[in-house]
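The values are calculated or read from the model by the stated rules, or taken from the named source; none is laboratory data. For clarity, every value in this text was computed on a predicted model and none was experimentally measured. Using ideal geometry, Cβ is built from the backbone for each residue, glycine included, and neighbour counts are taken over all protein chains shown. Only protein heavy atoms, including side chains, enter the accessible area calculation; ligands, DNA and RNA are left aside. Shrake-Rupley method; radii C 1.70, N 1.55, O 1.52, S 1.80 Å.
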Amino acid sequence: MSEGDDEDSPSRPLKVLVDHANPVQPSLCISSLSKIAPVVVSAIDKPGFFLSLKFADTKSFVDDLARLVKPVKNVEVASGGDIFVFPFDLEQKQAILKLNCINNLEVSCKLTKSESEFRGVIVGVPVSELDSEALLDLLKDQRVTHVNRVNKFVDGVQSPSTVVVLTFSQPFPYRVRLCYRSFVVRAYSPKPMQCSKCHRIGHTATHCNFPARCPSCGGSQPPAANCESKAKCLNCQKDLHLTGSPAYISHLNALKFARANNVSMFEAKQRLSTLRSSTQTPPSASGPAAP
Ligand SMILES: [Zn+2]
Ligand SMILES: [Zn+2]
Ligand SMILES: [Zn+2]
(Lines give C-alpha, C1' and ligand atoms only; values in the text may rest on other atoms or scores of the structure.)
(Ligands and ions follow the chains in the order given, each with its own letter.)
Protein backbone atom coordinates (compact mmCIF):
# COMPACT_ATOMS: atom_id res chain seq x y z
CA MET A 1 0.00 0.00 0.00
CA SER A 2 2.54 2.52 1.03
CA GLU A 3 6.06 2.57 2.20
CA GLY A 4 8.78 4.86 3.45
CA ASP A 5 10.26 7.54 1.30
CA ASP A 6 13.83 8.63 1.72
CA GLU A 7 13.42 12.20 0.62
CA ASP A 8 12.53 13.64 3.97
CA SER A 9 14.84 13.50 6.92
CA PRO A 10 13.62 14.01 10.47
CA SER A 11 15.73 17.11 10.87
CA ARG A 12 14.34 18.85 7.82
CA PRO A 13 12.46 22.02 8.78
CA LEU A 14 8.83 22.45 7.86
CA LYS A 15 8.21 24.05 4.52
CA VAL A 16 6.86 27.54 4.69
CA LEU A 17 4.86 28.97 1.88
CA VAL A 18 5.65 32.61 1.28
CA ASP A 19 2.68 34.91 1.61
CA HIS A 20 2.03 36.45 -1.74
CA ALA A 21 0.68 39.94 -1.88
CA ASN A 22 -3.02 39.52 -1.45
CA PRO A 23 -5.41 42.28 -0.57
CA VAL A 24 -7.87 39.88 1.11
CA GLN A 25 -8.51 40.51 4.82
CA PRO A 26 -5.45 39.03 6.53
CA SER A 27 -7.43 37.13 9.14
CA LEU A 28 -9.41 35.23 6.53
CA CYS A 29 -6.76 34.96 3.85
CA ILE A 30 -6.20 31.40 2.75
CA SER A 31 -2.73 31.92 1.31
CA SER A 32 -0.71 32.83 4.39
CA LEU A 33 0.49 29.70 6.12
CA SER A 34 2.29 29.84 9.39
CA LYS A 35 5.48 27.97 10.17
CA ILE A 36 3.80 26.88 13.39
CA ALA A 37 1.18 24.20 12.88
CA PRO A 38 -2.37 25.36 13.50
CA VAL A 39 -4.65 24.57 16.42
CA VAL A 40 -7.88 22.84 15.40
CA VAL A 41 -10.89 24.50 17.03
CA SER A 42 -14.17 22.56 16.94
CA ALA A 43 -17.58 23.52 18.31
CA ILE A 44 -18.51 20.93 20.94
CA ASP A 45 -21.41 18.68 19.85
CA LYS A 46 -21.86 20.70 16.65
CA PRO A 47 -19.99 18.96 13.83
CA GLY A 48 -19.42 21.18 10.80
CA PHE A 49 -20.53 24.21 12.80
CA PHE A 50 -18.26 26.84 11.29
CA LEU A 51 -19.30 26.03 7.73
CA SER A 52 -22.85 27.07 8.53
CA LEU A 53 -21.79 30.31 10.22
CA LYS A 54 -22.48 33.63 8.48
CA PHE A 55 -19.49 35.76 7.58
CA ALA A 56 -20.38 38.39 10.22
CA ASP A 57 -20.66 35.70 12.93
CA THR A 58 -17.38 34.15 11.88
CA LYS A 59 -15.81 37.59 12.11
CA SER A 60 -17.14 38.19 15.62
CA PHE A 61 -15.83 34.74 16.60
CA VAL A 62 -12.39 35.67 15.26
CA ASP A 63 -12.60 39.07 17.01
CA ASP A 64 -13.38 37.40 20.34
CA LEU A 65 -10.52 34.96 19.80
CA ALA A 66 -8.22 37.96 19.26
CA ARG A 67 -9.54 39.52 22.46
CA LEU A 68 -8.70 36.34 24.40
CA VAL A 69 -5.27 35.51 23.00
CA LYS A 70 -4.32 38.63 20.97
CA PRO A 71 -4.71 38.68 17.17
CA VAL A 72 -3.52 35.45 15.54
CA LYS A 73 -1.62 35.05 12.31
CA ASN A 74 -4.38 33.44 10.34
CA VAL A 75 -7.74 31.73 10.69
CA GLU A 76 -9.24 29.35 8.19
CA VAL A 77 -12.56 27.57 8.18
CA ALA A 78 -11.64 23.98 7.29
CA SER A 79 -13.72 22.01 4.82
CA GLY A 80 -14.93 19.72 7.62
CA GLY A 81 -16.39 22.69 9.50
CA ASP A 82 -13.69 23.11 12.15
CA ILE A 83 -11.51 26.18 12.33
CA PHE A 84 -7.73 26.18 11.91
CA VAL A 85 -6.11 28.87 14.01
CA PHE A 86 -2.53 29.69 13.02
CA PRO A 87 -0.70 31.31 15.95
CA PHE A 88 2.22 33.72 15.66
CA ASP A 89 4.30 31.88 18.25
CA LEU A 90 4.32 28.89 20.59
CA GLU A 91 3.24 30.96 23.57
CA GLN A 92 0.13 32.05 21.75
CA LYS A 93 -0.42 28.47 20.62
CA GLN A 94 -0.41 27.26 24.23
CA ALA A 95 -2.91 29.99 25.12
CA ILE A 96 -5.24 28.88 22.31
CA LEU A 97 -4.99 25.23 23.36
CA LYS A 98 -6.29 26.19 26.80
CA LEU A 99 -9.46 27.89 25.51
CA ASN A 100 -12.80 26.16 25.99
CA CYS A 101 -15.22 29.00 25.22
CA ILE A 102 -14.92 31.58 22.44
CA ASN A 103 -17.65 34.14 21.69
CA ASN A 104 -20.05 32.25 24.02
CA LEU A 105 -19.48 29.05 22.07
CA GLU A 106 -18.16 25.92 23.80
CA VAL A 107 -15.13 24.74 21.86
CA SER A 108 -12.38 22.16 22.02
CA CYS A 109 -8.90 23.21 20.92
CA LYS A 110 -6.53 20.47 19.83
CA LEU A 111 -3.30 19.86 18.01
CA THR A 112 -3.65 18.53 14.46
CA LYS A 113 -3.46 14.77 14.17
CA SER A 114 -0.11 14.84 12.44
CA GLU A 115 1.35 17.00 15.17
CA SER A 116 0.08 14.86 18.02
CA GLU A 117 1.51 11.71 16.41
CA PHE A 118 5.11 11.05 15.54
CA ARG A 119 5.61 8.51 12.82
CA GLY A 120 8.84 7.01 11.62
CA VAL A 121 9.78 4.11 9.43
CA ILE A 122 12.38 1.36 9.74
CA VAL A 123 13.42 -0.95 6.92
CA GLY A 124 14.98 -4.41 6.77
CA VAL A 125 12.86 -6.01 9.49
CA PRO A 126 12.83 -9.77 8.69
CA VAL A 127 9.38 -10.82 7.55
CA SER A 128 8.97 -14.39 8.68
CA GLU A 129 9.23 -14.25 12.45
CA LEU A 130 7.28 -11.39 14.00
CA ASP A 131 3.79 -10.06 13.41
CA SER A 132 2.88 -6.45 14.30
CA GLU A 133 1.70 -7.38 17.78
CA ALA A 134 4.95 -9.16 18.62
CA LEU A 135 6.92 -6.23 17.20
CA LEU A 136 4.94 -3.79 19.34
CA ASP A 137 5.70 -5.87 22.44
CA LEU A 138 9.40 -5.58 21.73
CA LEU A 139 9.24 -1.84 21.03
CA LYS A 140 6.85 -0.68 23.75
CA ASP A 141 9.63 0.33 26.11
CA GLN A 142 11.01 2.59 23.34
CA ARG A 143 7.85 4.74 23.34
CA VAL A 144 6.34 3.03 20.33
CA THR A 145 2.53 3.04 20.53
CA HIS A 146 1.60 1.45 17.21
CA VAL A 147 3.29 -0.77 14.65
CA ASN A 148 2.23 -1.29 11.06
CA ARG A 149 4.13 -3.57 8.71
CA VAL A 150 3.74 -2.30 5.15
CA ASN A 151 2.47 -4.75 2.54
CA LYS A 152 3.81 -5.02 -0.97
CA PHE A 153 2.06 -6.15 -4.11
CA VAL A 154 3.88 -8.31 -6.62
CA ASP A 155 1.81 -9.31 -9.66
CA GLY A 156 -1.34 -8.46 -7.75
CA VAL A 157 -0.39 -10.72 -4.82
CA GLN A 158 -0.12 -9.08 -1.41
CA SER A 159 2.67 -10.04 0.97
CA PRO A 160 4.37 -8.41 3.97
CA SER A 161 7.44 -6.27 3.25
CA THR A 162 10.45 -5.55 5.46
CA VAL A 163 9.25 -1.96 5.95
CA VAL A 164 7.60 -1.16 9.30
CA VAL A 165 5.91 2.14 10.21
CA LEU A 166 6.21 3.03 13.90
CA THR A 167 4.07 5.56 15.77
CA PHE A 168 5.79 7.10 18.79
CA SER A 169 4.32 8.96 21.73
CA GLN A 170 6.95 11.68 21.33
CA PRO A 171 9.44 12.82 18.66
CA PHE A 172 11.10 9.66 17.44
CA PRO A 173 14.66 8.65 18.27
CA TYR A 174 17.46 8.27 15.77
CA ARG A 175 17.45 4.48 16.24
CA VAL A 176 15.35 1.74 17.80
CA ARG A 177 16.61 -1.60 19.11
CA LEU A 178 14.88 -4.76 17.98
CA CYS A 179 16.01 -8.37 18.41
CA TYR A 180 19.58 -7.39 19.29
CA ARG A 181 19.77 -5.21 16.20
CA SER A 182 19.57 -1.48 15.79
CA PHE A 183 17.40 0.17 13.10
CA VAL A 184 17.68 3.77 11.91
CA VAL A 185 14.30 5.55 12.14
CA ARG A 186 13.47 7.83 9.23
CA ALA A 187 10.57 10.26 8.93
CA TYR A 188 7.52 8.52 7.55
CA SER A 189 6.37 10.00 4.30
CA PRO A 190 3.48 7.99 2.92
CA LYS A 191 3.05 7.29 -0.76
CA PRO A 192 -0.32 7.60 -2.43
CA MET A 193 -2.66 4.68 -1.76
CA GLN A 194 -3.56 2.58 -4.75
CA CYS A 195 -6.67 0.42 -4.76
CA SER A 196 -5.97 -3.26 -5.37
CA LYS A 197 -9.44 -3.73 -6.87
CA CYS A 198 -9.96 -0.88 -9.38
CA HIS A 199 -6.28 0.28 -9.25
CA ARG A 200 -7.15 3.98 -8.98
CA ILE A 201 -5.11 6.31 -6.77
CA GLY A 202 -6.40 7.70 -3.49
CA HIS A 203 -8.33 4.87 -1.79
CA THR A 204 -7.98 1.23 -0.79
CA ALA A 205 -10.03 -1.79 -1.86
CA THR A 206 -11.89 -1.73 1.47
CA HIS A 207 -13.37 1.65 0.55
CA CYS A 208 -13.75 1.06 -3.18
CA ASN A 209 -17.09 1.71 -4.88
CA PHE A 210 -15.87 0.85 -8.38
CA PRO A 211 -16.05 -2.50 -10.18
CA ALA A 212 -12.89 -4.60 -10.30
CA ARG A 213 -10.71 -3.81 -13.29
CA CYS A 214 -7.81 -5.30 -15.14
CA PRO A 215 -4.58 -3.87 -13.60
CA SER A 216 -3.04 -3.44 -17.05
CA CYS A 217 -5.65 -2.14 -19.49
CA GLY A 218 -8.25 -0.99 -16.96
CA GLY A 219 -10.92 -3.01 -18.77
CA SER A 220 -13.87 -4.24 -16.78
CA GLN A 221 -13.25 -7.88 -17.65
CA PRO A 222 -12.07 -10.02 -14.73
CA PRO A 223 -8.45 -9.16 -14.03
CA ALA A 224 -6.27 -11.33 -16.24
CA ALA A 225 -2.71 -12.33 -15.43
CA ASN A 226 -1.67 -12.01 -19.07
CA CYS A 227 -3.85 -9.27 -20.53
CA GLU A 228 -3.15 -8.69 -24.21
CA SER A 229 -4.98 -5.36 -24.56
CA LYS A 230 -2.95 -2.14 -24.74
CA ALA A 231 -1.88 -0.97 -21.27
CA LYS A 232 -3.67 2.22 -20.19
CA CYS A 233 -3.33 4.77 -17.39
CA LEU A 234 -5.65 3.35 -14.73
CA ASN A 235 -6.63 6.81 -13.47
CA CYS A 236 -7.75 8.51 -16.68
CA GLN A 237 -7.96 5.54 -19.12
CA LYS A 238 -5.75 7.41 -21.59
CA ASP A 239 -2.51 6.01 -23.02
CA LEU A 240 0.28 5.61 -20.46
CA HIS A 241 1.86 8.97 -19.59
CA LEU A 242 5.59 9.29 -20.26
CA THR A 243 6.01 11.51 -17.20
CA GLY A 244 3.84 9.48 -14.85
CA SER A 245 0.15 9.69 -14.09
CA PRO A 246 -0.94 13.28 -13.30
CA ALA A 247 -3.39 11.85 -10.77
CA TYR A 248 -0.54 10.08 -8.95
CA ILE A 249 1.69 13.17 -9.04
CA SER A 250 -0.98 15.52 -7.73
CA HIS A 251 -1.87 13.04 -4.98
CA LEU A 252 1.80 12.75 -4.01
CA ASN A 253 2.13 16.56 -3.92
CA ALA A 254 -0.94 16.79 -1.70
CA LEU A 255 0.50 14.15 0.65
CA LYS A 256 3.74 16.11 0.98
CA PHE A 257 1.89 19.37 1.49
CA ALA A 258 -0.39 17.79 4.11
CA ARG A 259 2.60 16.48 6.01
CA ALA A 260 4.64 19.69 5.79
CA ASN A 261 1.74 21.88 6.91
CA ASN A 262 -0.02 19.54 9.34
CA VAL A 263 -3.32 19.54 7.52
CA SER A 264 -5.65 16.81 6.25
CA MET A 265 -5.35 15.47 2.70
CA PHE A 266 -8.68 17.07 1.83
CA GLU A 267 -7.47 20.42 3.08
CA ALA A 268 -4.13 20.01 1.28
CA LYS A 269 -5.81 19.33 -2.07
CA GLN A 270 -8.07 22.33 -1.67
CA ARG A 271 -5.27 24.65 -0.73
CA LEU A 272 -2.97 23.44 -3.49
CA SER A 273 -5.65 24.05 -6.08
CA THR A 274 -6.29 27.52 -4.62
CA LEU A 275 -2.56 28.28 -4.66
CA ARG A 276 -2.23 26.92 -8.19
CA SER A 277 -5.04 29.04 -9.54
CA SER A 278 -3.83 32.18 -7.78
CA THR A 279 -0.07 31.89 -8.39
CA GLN A 280 0.28 30.20 -11.76
CA THR A 281 -0.11 31.52 -15.24
CA PRO A 282 -2.74 29.65 -17.24
CA PRO A 283 -1.56 26.08 -17.86
CA SER A 284 0.53 25.65 -20.98
CA ALA A 285 -0.05 22.85 -23.42
CA SER A 286 2.46 20.65 -21.60
CA GLY A 287 -0.13 18.26 -20.20
CA PRO A 288 -1.03 15.06 -21.98
CA ALA A 289 -2.91 15.82 -25.15
CA ALA A 290 -6.36 14.37 -25.42
CA PRO A 291 -6.57 11.79 -28.16
ZN1 LIG B 1 -10.92 1.13 -6.07
ZN1 LIG C 1 -6.59 -5.98 -19.41
ZN1 LIG D 1 -3.80 9.20 -16.64
Beyond a 31 Å Cα-Cα separation, which of these cross-linked pairs lie in this structure: Lys197/Lys230; Lys70/Lys140; Lys54/Lys110; Lys110/Lys256? Lys70/Lys140
When the dipole is taken about the Cα centre of the range 205-279, and only Lys, Arg (+1) and Asp, Glu (-1) are charged at their Cβ, what size is it in debye, to the nearest 20? 200
Given a 1.4 Å probe, the accessible area of the range 166-257 per residue, as a whole number of Å², is 59
If I compute solvent accessible area with a 1.4 Å probe over the protein chains, what percent of it on the range 116-187 is carbon and sulfur? 50
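Express the carbon and sulfur contribution to the solvent-accessible surface of the range 205-279 as a percent, rounded to the nearest whole number, probe 1.4 angstrom.
Values: 2580 of 4500 Å².
It is 57 percent, rounded to a whole number.
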